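Here the structure is laid out as structure tokens; the discussion comes afterwards.
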Amino acid sequence: MSNLFPTRAAGLLALQEFIPNMGTHYENKRNYDYGLNKHKAVSTLSFYICRRLITEKEVVCASVTAHGPDVSKKFIEEVIWRGYFKGWLERRPQVWDSYVSGLYNDCILLENNHLLRQKIERAESAQTGLDYFDEWARELLDTGYLHNHARMWFASIWIFTLGLPWRLGADFFYRHLLDGDAASNTLSWRWVAGLHTRGKPYIARAENISMFTNGRFNPLDGELADVCHGLEETEPEGLPTLLSLRDVQKPKSGVPTAVLVTDEDCQIEDFDLSGFNIKGTATLSCSHLRSSRPVSNTILSFENGALFDAAMRLNKSSIHLKANHPKTLANWAQEVGAKQVFTPFITCGPLWDWLKQAEPFLNDLNIKLCEQRREWDNAIWPYATAGFFKVKKQIPIILEKALIL
Ligand SMILES: Cc1cc2nc3c(=O)[nH]c(=O)nc-3n(C[C@H](O)[C@H](O)[C@H](O)COP(=O)(O)OP(=O)(O)OC[C@H]3O[C@@H](n4cnc5c(N)ncnc54)[C@H](O)[C@@H]3O)c2cc1C
């Protein structure tokens with residue numbers, strides 16, 4: 001993790017190094033957080049996977065080839081959690097919208113409430129006095145990564161022990177996690193708060209922290225909140241209705257096409273572009289859209305590096321755009337003479353929100369926004385309608401559909 005390069009080559013190298021640990025070692029040790037620069041029991045591949053510098057299919061295939069499907073079970077399940085969360089949010093985009101509007105209100109509160117601002121500043125700058133919590137905050141700020149267990153403890157302590165608004169915590173993570181993902185982050189925070197699996201909040205316990213940090217941290221008796229219930233009463237209406245997956249406009253061969261690469265999927269060469277009449281290629285940076293508060297420079301430069309790497313592999317001269325004014329995309333597509341913009345499917349989150357604003361400008365010029373979903377997502381998302389168990393039961397079918405088994 002110390003030498004993080006935002007390239008596919010670096011992702012493949014990190015994958016190769018982790019393959020021996022994907023089987024029994026992962027299953028037995030993955031819950032241990034050994035601390036900064038000692039995350040050997042987990043893959044730390046999330047920076048690459050979330051941008052598809054390496055894909056879920058590639059990491060699962062590598063594990064199955066090295067260890068077989070049974071011994072790889074736990075690793076496969078964890079990778080599929082990502083697809084589950086993504087599919088779940090696609091089917092309930094209202095949950096993302098309510099996060100965005102709730103966060104907006106929390107930010108106004110933050111501006112106006114001095115006491116809350118002081119508490120948030122202390123939590124975000126590792127000055128709460130809880131040594132474990134402060135250590136995780138420092139690690140997040142310094143490296144852009146936290147072990148999964150540390151993320152769970154941190155979120156639980158933020159919500160229940162420190163009593164801080166959960167969305168501000170999710171926003172803190174999203175602004176600093178190099179693997180920040182609208183679905184995994186928002187839904188994991190909701191899960192800890194007892195809003196995803198309603199009524200079952202995740203409770204950080206002293207003995208669990210001692211055990212899985214290998215005794216590095218030992219919270220004192222009574223230091224952590226005794227949690228009886230989650231935040232369900234803040235959303236008494238329950239989960240919003242399940243929607244169908246949104247329709248995707250497919251690209252047409254022969255039509256003058258502008259190809260758009262974003263950090264949603266940095267391996268565009270996986271898509272068959274041969275039938276397209278390609279007029280231009282652009283990369284579009286969008287990480288600054290994660291929050292109205294400043295997003296870490298580490299994320300912004302990792303994204304730029306990943307986009308540059310993707311453009312180089314595409315072997316076409318490309319220009320770089322930034323998702324600022326929503327007319328940017330239409331202006332560029334018109335300039336290159338395109339009648340359709342093709343991009344790998346954009347999932348629910350800030351970039352999709354921006355593209356929804358960009359689309360009317362494209363429509364005015366009679367330019368279509370076209371997308372394509374990967375088989376991996378098509379295999380998982382139909383089952384991502386309720387709890388993870390429903391997806392877990394289908395893993396053999398999912399792997400078959402994604403052409404792995
Ligand atoms: C509060 C909270 C916030 C989180 N925010 C994010 C986020 O913004 N982006 C993100 O990718 N993950 C998030 N996670 C999930 C998980 O913590 C990370 O995916 C994982 O820690 C990444 O480290 P790794 O690559 O070493 O994981 P490994 O254990 O090596 O797992 C391999 C891959 O599987 C996927 N994965 C593993 N566990 C999960 C999980 N619980 N949920 C979803 N995918 C998983 C990731 O793509 C990961 O790279 C969050 C979890 C919590 C509790």
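The values are calculated or read from the model by the stated rules, or taken from the named source; none is laboratory data. Keep in mind the model is a prediction, meaning the values are calculated, not measured. Cβ atoms come from the backbone with ideal geometry, glycine included; neighbour counts cover every protein chain shown. Please note that ligands, DNA and RNA were not included when accessible areas were found on the heavy atoms of the full protein model with its side chains. Shrake-Rupley method; radii C 1.70, N 1.55, O 1.52, S 1.80 Å.
The range 1-75 and the range 158-216 have Cα centres lying 22 Å from one another.
Roll a 1.4 angstrom probe over the protein heavy atoms and tell me the percent of accessible area of the range 34-122 that is carbon or sulfur. Working shown, then result.
Working: 2070 of 3760 Å².
The nonpolar share, carbon plus sulfur, comes to 55 percent.
Taking the Cβ of residue 77 as the centre, find all other residues whose Cβ is under 14 Å away and add up their charges (Lys, Arg: +1; Asp, Glu: -1). Charge balance in the 14 Å sphere: +3. Based on Cα atoms of the chain, Rg over Rh with Rh as the Kirkwood radius reads 0.96. Taking 0.36 nm per residue of separation and subtracting the current Cα-Cα distance, fully stretching the chain between residue 97 and residue 142 would add 13.2 nm.
Give, as a single signed number, the net charge of other residues whose beta carbon lies under 14 Å from the beta carbon of residue 364, with Lys and Arg counted +1 and Asp and Glu -1. Write out the running numbers ahead of the final one.
On the way: positive: 327, 339, 368; negative: 359.
After counting each charged neighbour, the total is +2.
Relative to the first principal axis of the alpha-carbon coordinates of the chain, what is the inclination of helix 297-314, with its axis defined by its Cα atoms, in degrees from 0 to 90 and to the nearest 10? For 297-314 against the chain, the angle is about 30 degrees.
Shape analysis of the range 146-274 yields a ratio of the Cα radius of gyration to the Kirkwood radius, Rg/Rh, of 1.14.
Reducing the range 308-352 and the range 358-405 to their Cα centroids gives an inter-centroid distance of 21 Å.
Using a simple charge model, +1 on the beta-carbon of Lys and Arg, -1 on the beta-carbon of Asp and Glu, nothing else, what dipole does the range 234-353 show about its Cα centre, in debye to the nearest 20?
Working: 11 positive and 13 negative charges, 101 e Å.
For this selection, approximately 480 debye.
Between the listed residues 213, 366, 236, the Cα displaced farthest toward the positive end of the dipole of the chain, a dipole computed from Cβ unit charges relative to the Cα centre, is found at 366. In the frame of its principal axes, the range 275-405 has Cα extents of 48, 41, 30 Å, reported largest first. Relative to the longest principal axis of the Cα atoms of the chain, the long axis of helix 8-18 makes an angle of roughly 40 degrees.
A Förster radius of 35 Å, combined with the Cβ-Cβ distance separating residue 115 from residue 31, puts the computed FRET efficiency at roughly 0.45.
Using the structure shown, list the pairs from 74/390; 29/200; 57/252; 250/390; 250/339; 73/200 with a Cα-Cα distance above 19 Å, or answer none. Kindly include the intermediate steps, with their values, before the conclusion.
Details: 74/390 16 Å; 29/200 25 Å; 57/252 26 Å; 250/390 29 Å; 250/339 13 Å; 73/200 25 Å.
Exceeds cut-off: 29/200; 57/252; 250/390; 73/200.
Once every Cα of the range 55-211 carries one equal point scatterer and solvent is ignored, give the base-10 log of I(q)/I(0) from the Debye formula at q = 0.18 Å⁻¹, two decimals. Log-scaled intensity ratios, in q order: -1.19. The residues of the range 125-272 have, on average, 41 Å² of accessible surface per residue, using a 1.4 Å probe with all protein chains present. About its Cα centre, the chain has a charge dipole of approximately 800 debye under the convention of +1 per Lys or Arg Cβ and -1 per Asp or Glu Cβ, with nothing else charged. With both labels modelled 7 Å from their Cα along Cα-to-Cβ, the residue 233 to residue 198 distance reads 1.6 nm. Computed from Cα atoms, the angle from the helix 56-71 axis to the main principal axis of the chain rounds to 50 degrees.
Which chymotrypsin sites (Phe, Trp or Tyr not before Pro) in the range 190-240 pass both tests, a DSSP loop state and at most 10 other beta-carbon atoms within 10 Å? Here no chymotrypsin sites (Phe, Trp or Tyr not before Pro) fit, given the DSSP loop and packing criteria.
For the range 26-148, the spread of Cα positions along the three principal axes, ordered from largest to smallest, is 55, 37, 23 Å.
Name the most mobile residue of 15, 231, 109, meaning the one with the largest mean-square fluctuation, in a Gaussian network model of the chain with Cα contacts below 10 Å. It is 109. Label sites at residue 134 and residue 331, each approximated as a point 7 angstrom past Cα along Cα to Cβ, lie 4.8 nm apart. For the range 256-372, the fraction of 1.4 Å probe accessible surface lying on carbon and sulfur atoms is 49 percent. Helix content alone sets the calculated 222 nm mean residue ellipticity of the chain: runs of n ≥ 4 DSSP H residues at -39500 (n - 2.57) each, divided across all residues, give -15000 deg cm²/dmol.
Here the range 202-294 is described by how far its Cα atoms reach on the three principal axes: 68, 39, 27 Å, from widest to narrowest.
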